[in-house]
1. Would you kindly derive the ³J(HN,Hα) couplings of the range 130-141 from the backbone phi angles with the Karplus curve 6.51 cos²θ - 1.76 cosθ + 1.60 (θ = phi - 60°), listing them in order in whole Hz, with x for Gly and Pro?
2. Taking a quarter of the surface of the convex hull around the Cα atoms of the range 93-182, what do you get in nm²?
3. Explain nothing, just the number: relative contact order of the range 93-182, from Cα pairs under 8 Å at least 6 residues apart, as a whole percent.
4. Please report the net charge: other residues with Cβ closer than 13 Å to the Cβ of residue 171, K and R +1, D and E -1.
5. Looking at the chain, identify the longest residue range that excludes and avoids all GluC sites (Glu not before Pro) in DSSP loops having at most 11 other Cβ atoms within 10 Å.
6. Exactly which trypsin sites (Lys or Arg not before Pro) in the range 16-70 are in a DSSP loop and have at most 11 other Cβ atoms within 10 Å?
Amino acid sequence: MSDSHLQPGFTLKALRQSRGWSLAQAAEETGVSKAMLGQIERNESSPTVATLWKIATGFNVPFSLFIPTERPCESATMLRSSRTRWPQTQDSMQVTPLFPYDPQFRFDMLAIELASGALSNSSPHDLGVIEHVVITEGELQLAVDGKWHTLIAGEGLRFQADCPHSYRNDGEQPVKFHCLIHYPPPH
Ligand code: MN
């Protein structure tokens, strides 16, 4: 395993310990099994995008926290977007954190690619989390709280993401979209 695979386990363990959560409690919060969480923490298993999403959502932290990115010597206001995708070539969903989470701005900006026929279900984020989805290529079916919307390239939708939501590609070609997820300030 390369170094880039090591970070999710390290991040997960640090996060879990800072919350004072047992593996059992983390499993309950994320919907990922205790055994799987343990394997990820010990770097015995490299999580899929879907598993990583469950973990990030369960902990209410940005997805990009788990993605190793180059740290360019640029200021927060002048930052070239990243092209490092989560290295899961067999996944039907590919995620590239364009602009990783910065506490000053409180959003994650991701480029997502869904293969033909792929369905990705997202569990509800915490109250106040808002997603902005803009299609760059193809056509996306997006369900928010049970209602499906069709979006073509150039179209976008902003929605409150504290309810179940799903992304589906009914087309023959991959669909590509940008997803900006805004996290509300702590209260
Ligand atoms: Mn989501």
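1. So the Karplus estimates, Gly and Pro as x, are 10, 10, 10, 10, 10, 7, 9, 8, x, 9, 10, 9 Hz.
2. Computing the convex hull of the Cα atoms and averaging its projections yields 5.2 nm².
3. Once normalised by length, the contact order is 39 percent.
4. Residues near residue 171 contribute -3 overall.
5. 75-171
6. Hits after loop and neighbour filter: 42.
Laboratory data are not the source of any read-out in this text; all were calculated from the coordinates shown. For clarity, every value in this text was computed on a predicted model and none was experimentally measured. With ideal geometry, Cβ positions are generated from the backbone for all residues, glycine too; neighbour counts draw on all protein chains shown.
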